[in-house]
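To keep things clear, I will list the structure first and then write my remarks on it.
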Amino acid sequence: MKINCNVTEAGMEDKANGSVNAKSVHSPVENGQLPDPANWAVADVVNYFKATGFEEQATAFQDQEIDGKSLLLMTRNDVLTGLSIKLGPALKIYEYHVKPLQTQHLKSNAC
């Protein structure tokens, strides 16, 4: 699966899959790769989701105290039911952000 990680001059790009890339402290793209959230604090996770177009849903990560390590451990069910957010955004958050971040983390930390 190839992930479109291009960011436009304006800093945001709406993609057909419903996700949005944005420039921020934790940009969705760092040197052509997704960032590794393993050492993120709760505020970093919140800022990441705000920057990727999920400002309203980002507060759920704050309320549940989800830091980077917790984010990497989340299952699809955790995102869909444990965060108490609407199903549509929850599906996009898991499929286009949480799952790719987990995959990138595993690849970058493989022996």
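Based on this model, can you work out whether Ser70 counts as under 20 Å from Ala38 (Cβ atoms) and touching a residue at least 60 places away in the same chain (Cβ under 8 Å)? So Ser70 does not fit the description; no. For region 16-56, a residue qualifies if it is under 18 Å from Gly88 (Cα atoms) and either at pLDDT below 50 or open to solvent by 30 Å² or more (accessible area, probe 1.4 Å) (or both), and the qualifying residues are Ala16, Asn17, Gly18, Ser19, Val20, Asn21, Lys50, Gly53, Glu55, Glu56.
The residues of region 43-72 that are in a helix (DSSP H, G or I) and under 16 Å from His105 (Cβ atoms), listed by number, are Asp44, Val45, Tyr48, Gly68, Lys69, Ser70, Leu71, Leu72. Can you name the residue in region 73-94 that is outside any helix (DSSP H, G or I) and aliphatic (A, V, I, L, M) and, of all such residues, is nearest to Asn39 (Cα to Cα)? For region 73-94, the residue satisfying everything is Met74. Contact map, region 33-56: residues that are without any contact (Cβ under 8 Å) to a residue 40 or more places away in the chain and under 16 Å from Met74 (Cα atoms) paired with residues that are charged (D, E, K, R) and surrounded by fewer than 17 Cβ atoms within 10 Å (Cβ to Cβ), Cβ distance under 6 Å, separation 6+ or inter-chain. Pairs shown: Val42/Glu65.
The values are calculated or read from the model by the stated rules, or taken from the named source; none is laboratory data. Here the structure is a predicted model, which is why all the values come from computation and not from measurement. Positions of Cβ are generated from backbone atoms using ideal geometry, with glycine treated the same way; all protein chains shown enter the neighbour counts. The area values use the complete protein model at the heavy-atom level, side chains included, leaving out ligands, DNA and RNA. Shrake-Rupley method; radii C 1.70, N 1.55, O 1.52, S 1.80 Å.
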